[in-house]
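Report on the following structure.
The values are calculated or read from the model by the stated rules, or taken from the named source; none is laboratory data. The shown structure was predicted, so the numbers you read here are calculated from the model rather than taken from an experiment. Glycine also receives a Cβ, built like all others from the backbone with ideal geometry; neighbour counts cover every protein chain displayed. Note: accessible area is taken over every heavy atom of the protein model, side chains too, but ligands, DNA and RNA are not part of it. Shrake-Rupley method; radii C 1.70, N 1.55, O 1.52, S 1.80 Å.
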Amino acid sequence: MTKDRKSKILVSLPLPPPHSGVETLTQFFLQSPLKEKFELLHVDSSNKRSNEVRGRFDYANLTMTVRNSLKIVLTMARNHPHLANIPIARNRFGFIRDGFYILVCSLMGAKVVSRMTGDHFDKHYWSAGPLMRAFIRLVLGRISGIIVRADRIRRQFDGLYPNSRIETVYLPFDPHFFDDVRYIEKLSAKDGIVRVLFMGHISKAKGAFDLLKSIPQVLEGFENVKFLFAGNIIEKEYNLTFVENKVGLRESFLGSIDSSNEHIKYLDMITGKRKKELLKSVDILVLPSYSEGFPFAVLEAMAAGLPVVATPVGALPEVFKDRENILFVPVGNVEGLADAILELVKNPSLRKQMGERNEQLVREQFNLSVFSQRMASIYNAVLHQ
């Protein structure tokens, strides 16, 4: 390879639809300055099925895995990339799929960098049987470097992978993402009703039911509030073995929302420009998750100039400051959640100050240039090992 020739990097990342955080991040990745530093060979690994069934071992997912494997093999054979960027999942089928991609790339001569988007990989490992654990160790042995979303979640690989080969890269955000909706004004400025948004998978793991439980307490303290829930309802999550999942969550959630209740509204899945308009028009984002890596919804909301109420999970307490960027609430604390929401709905000046700080923080520290410099440094270090 000549000095001025770009290194080739195979990138296995999903493109929308669906328009969730992972797919949006792929768009940011592909349009970042990394494309000027390396020759990026993108293989679209998107699964167009709902999140509820992506982790299942079934015919459709198996067929998709075979199809994506063939795309990776063809890209490797035609272009001979020097490095492959392949994610790793925390559920059994997801890891088998990603592990197969990693083994293919490694055996065909590419070094592999893997991204872990969440937390609790150790729980996935120790809950697996002997054969699965052996496969996990085999795959990890083929990986030259692992990227996580926060220093505090590196511990999930303790005893499984060398800490010296784990790097932290925070999420990127395109500072121009909201340029086309700059004209949107907050609806509360017109009618005085403060709008609180939950955006993400509606499930126990994401804290949606804790938020529902907190609403009566909030309304007792402040009546002019409307709660908006945007996202698909998840019956069972396949990557969080420590969260109880029960059949009937959809009926339970929808049954909690009386169509005549003017204070609660379910918006279903909101994507594209409609989601941008929604984020610019509401007042507060609430995400009381039980587990996260680095929730993209929080970064989106901050970039839109919103204050946030969230649990101190994943990267959030490492990256953001309590009461400056986020009002942190202990996991599962419904009363504390209601108190934090009430503090913001009653205090428009606090909402404004936090929102402005958040928007500036994302623009300065999470832009595509900062992200690209960090990723390029990691890629170059692996390429020259």
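Relative to the longest principal axis of the Cα atoms of the chain, helix 368-383 runs at roughly 30 degrees. Tell me the relative contact order for the chain as a rounded percent, counting alpha carbon contacts under 8 Å between residues six or more apart. With pairs under 8 Å counted, the relative contact order is 17 percent.
For the residues 87, 162, 33, a GNM of the chain with alpha-carbon springs under 10 Å puts the largest fluctuation on 162. The simple spin-label model puts a point 7 Å past each Cα toward its Cβ; for residue 363 and residue 262 those points are separated by 3.7 nm. Here the dipole of the chain is about 1560 debye; that uses its Cα centre as origin and unit charges on the Cβ of Lys and Arg (positive) and Asp and Glu (negative). Please calculate how many Å² of accessible area the range 289-341 carries per residue, with a 1.4 Å probe and no DNA, RNA or ligand atoms counted. Per residue, the range 289-341 has an accessible area of 26 Å².
Return the carbon/sulfur percentage of the accessible area of the chain, one whole number, probe 1.4 Å, all protein chains in place. The computed percentage sits at 52. Amide H to amide H, with H built 1.01 Å from N, residue 42 comes under 5 Å of 11, counting only residues 5 or more places away or on other chains.
Just to confirm the number: angle between the C-alpha axis of helix 334-345 and the first principal axis of the chain, 0 to 90 degrees, nearest 10? Result, in degrees: 70. A dipole drawn for the chain from +1 and -1 charges on Cβ atoms has a positive end, and of 341, 85, 383 the residue lying farthest that way is 383. With distances taken between every two different alpha-carbon atoms, the chain has a Kirkwood hydrodynamic radius of 21.9 Å. What you get for the range 57-142, charging only the Cβ of Lys and Arg (+1) and of Asp and Glu (-1), is a dipole of about 140 debye around the Cα centre.
Under the simplified labelling scheme, the residue 274-residue 31 pair shows an inter-label distance of 2.1 nm, with each label point 7 Å from Cα along Cα→Cβ. Evaluated with a Cβ-only charge set (Lys, Arg +1; Asp, Glu -1), the range 107-151 carries a dipole of roughly 160 debye about its Cα centre, given to the nearest 20. Here the relative contact order of the range 251-317, from alpha carbon pairs under 8 Å that lie six or more residues apart, stands at 29 percent. Find which of 367, 299, 189 sits farthest along the positive direction of the dipole of the chain, computed with +1 on the beta-carbon of Lys and Arg, -1 on that of Asp and Glu, about the Cα centre. Final value for the positive-end residue is 367. Computed with a 1.4 Å probe over protein heavy atoms only, the accessible area of residue 117 comes to about 50 Å². Here residue 167 sits with roughly 60 square angstrom of accessible surface, probe radius 1.4 Å. Between 308, 279, 320, the Cα set farthest toward the positive side of the dipole of the range 271-331 (charges on each charged residue's Cβ, about the Cα centre) is that of 279. Per residue, the range 98-159 exposes an accessible area of 42 Å² to a 1.4 Å probe, with every protein chain left in place. Given a 1.4 Å probe and the protein chains as shown, residue 132 ends up with an accessible area of around 30 Å².
Here the range 301-385 is described by how far its Cα atoms reach on the three principal axes: 54, 27, 15 Å, from widest to narrowest. Scanning residues 5 or more positions from residue 326 or on other chains, those with amide H under 5 Å from its amide H are 321, with H placed 1.01 Å from N in the peptide plane.
Figure note: 127, 7 ranked by solvent-accessible area, largest first, 1.4 Å probe, ligands and nucleic acids not counted: 127, 7. Coordinate range of the alpha-carbon atoms in the range 33-170 per principal axis, descending: 38, 37, 27 Å.
So how tilted is helix 348-365 from the main axis of the chain? Cα-based, degrees 0 to 90, rounded to 10. Computed tilt is about 10 degrees. Listed by chain and number, the aspartates and glutamates whose alpha-carbon sits under 13 Å from that of residue 37, ignoring those within fewer than 8 places in the same chain, are 4.
In loop segments of the range 141-201 as defined by DSSP, the chymotrypsin sites (Phe, Trp or Tyr not before Pro) with at most 12 further C-beta atoms inside 10 Å of their C-beta are 183.
Calculation over all alpha carbon pairs of the range 117-176 in 10 angstrom steps from 0 returns a P(r) of 20, 49, 22, 7, 1 percent.
Note on the chain: GNM, Cα springs under 10 Å; of 305, 141, 332, the largest mean-square fluctuation is that of 141.
When the alpha carbon gyration tensor of the range 85-154 is reduced to an equivalent ellipsoid, its three semi-axes come out at 18, 16, 9 angstrom, largest first.
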